[in-house]
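Novice: What follows is a single structure, and I will ask about it in a moment.
The values are calculated or read from the model by the stated rules, or taken from the named source; none is laboratory data. If you're wondering where the values come from, they're calculated on a predicted model, not measured in any experiment. Here the Cβ positions follow ideal geometry from the backbone for every residue, glycine too, while neighbour counts run over all protein chains shown. Just so you know, the surface numbers come from the protein's heavy atoms only, side chains and all, with ligands and any DNA or RNA stripped out. Shrake-Rupley method; radii C 1.70, N 1.55, O 1.52, S 1.80 Å.
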Amino acid sequence: MENIRKTDTVRETERERKKETEKKMMEKEKEGEKNGPTSSGADMGMSVLPEECISNIVSLTSPKDACTACAVSPIFRAAAESNVVWDRFLPSDYQAIIARSSSSTKLDSLNFSSKKQLYLSLSDTPILIDDNKKIFFLDKLSGKKCYLLSARDLSIAAGHDNMHWLWFSLAESRFRKVAELHHVRLFDICGKMNTSMLSPKTNYVAYLVYKLRRQTHGFHRFPPMASVGTTGGVEDCKQTVCLGRPKREPRKQHPSLPKWRKDGWFESKLGEYFNEGGENDELQIRLMEVEAGTVKSGLIVEGIEIRPAKG
């Protein structure tokens, strides 16, 4: 009888141990479902693919996605930072554009240890090109081409007459000269560039980059009209432009109102243009007021900037 009791006790203990083991296993399974596969498991799965294959996949995304991929795993990091990826993010004609820079600002792409470094340099440090009349840089998130046309690169009505426009150096400007409106009644500024210089399949926005003297006249009551489109074609955008002094750090600002820039200048939106690509057209960006006949003064123009629309 005593032996039977001992046997029952042993069996009961084994059943309890078994239940406890099963309970722990179920808890681990639930935890695994909640947290997903471990990073080491992901690494082992990705290690099956060659690094070149992963690089090709990442290169089909965007610069922003590539930087995010670096945080996934060491394998992704190595692939996402490869020259294969960042060479595809750079514009196909970047070497030709760099060759148009002046000797004092020319970038030698061979001086960079990686294509990623070159990409970041072109995003963070714009370069002067075309006899220092234009600035070229890349949009950091998308890699799209951006330009700032200097006042010297624009066609300005009566721009060479010192009675109407003054040209001088300004420490805040990246160009040698800026243009100050002294006294005009017919206000007309026009910038032109070949659409082949822009990135294809991209919606661009043009901005006037400017400052204002303390005493500015002629723009409040009769604001100028901006037009953006290809020459000889239908204008894609036409709107009145506010050239007032923007409010500092508004919580929510209307897109048509002037804004402060980090470089100390103001910018006011002139219009948008979708560049389809594949066509050799001339993009024209114009700002004018020629009907009111009022005297205008106090506007300092650095240039017209064209860059991809956000979103």
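Novice: Here is a check on your reading of the model: is Ser104 open to solvent by less than 80 Å² (accessible area, probe 1.4 Å) and at pLDDT below 70?
Specialist: Values: open to solvent by less than 80 Å² (accessible area, probe 1.4 Å): no; at pLDDT below 70: yes.
When the stated conditions are applied, Ser104 does not pass them.
Novice: Taking only region 238-265 into account, find how many residues are open to solvent by 50 Å² or more (accessible area, probe 1.4 Å), more than 18 Å from Ala226 (Cα to Cα) and modelled with pLDDT of 90 or more.
Specialist: 3
Novice: Within region 113-144, can you find the residues that are part of a helix (DSSP H, G or I) and open to solvent by 30 Å² or more (accessible area, probe 1.4 Å)?
Specialist: From region 113-144, those part of a helix (DSSP H, G or I) are 115-124; that's our starting set.
Hits for region 113-144 are Lys115, Lys116, Gln117, Leu120, Asp124.
Novice: Residue by residue through region 208-222, note down the ones that are surrounded by fewer than 22 Cβ atoms within 10 Å (Cβ to Cβ) and not aromatic (Phe, Trp, Tyr).
Specialist: Lys211, Leu212, Arg213, Arg214, Gln215, Thr216, His217, His220, Arg221
Novice: Tell me whether region 165-185 contains one or more residues that are over 26 Å from Val84 (Cα atoms), loosely packed, with under 15 Cβ neighbours inside 10 Å and hydroxyl-bearing (Ser, Thr, Tyr).
Specialist: yes
Novice: Right, here's the next one. Does Arg174 fit the bill of being within 23 Å of the chain's Cα centre (by Cα) and at negative phi? Steps first, answer last, please.
Specialist: Working: within 23 Å of the chain's Cα centre (by Cα): yes; at negative phi: yes.
So Arg174 passes the test.
Novice: Looking only at region 194-207, decide whether some residue is open to solvent by less than 40 Å² (accessible area, probe 1.4 Å), in contact with a helix residue (DSSP H, G or I) (Cβ under 9 Å, 6 or more places away or on another chain) and either under 16 Å from Val290 (Cα atoms) or not β-branched (Val, Ile, Thr) (or both).
Specialist: Looking for residues that are open to solvent by less than 40 Å² (accessible area, probe 1.4 Å), in contact with a helix residue (DSSP H, G or I) (Cβ under 9 Å, 6 or more places away or on another chain) and either under 16 Å from Val290 (Cα atoms) or not β-branched (Val, Ile, Thr) (or both), one finds at least one in region 194-207, hence yes.
Novice: If the requirement is being farther than 30 Å from Ala292 by Cα and modelled with pLDDT of 95 or more, which of these qualifies: Lys115, Lys144, Lys140? Show your work before the answer.
Specialist: Working: Lys115 fails: modelled with pLDDT of 95 or more; Lys140 fails: modelled with pLDDT of 95 or more.
Only one candidate qualifies: Lys144.
Novice: Select from region 266-288 the residues that are within 18 Å of Lys211 (Cα to Cα) and open to solvent by less than 20 Å² (accessible area, probe 1.4 Å) and list them in ascending order.
Specialist: Phe266, Glu267, Ser268, Leu270, Leu287
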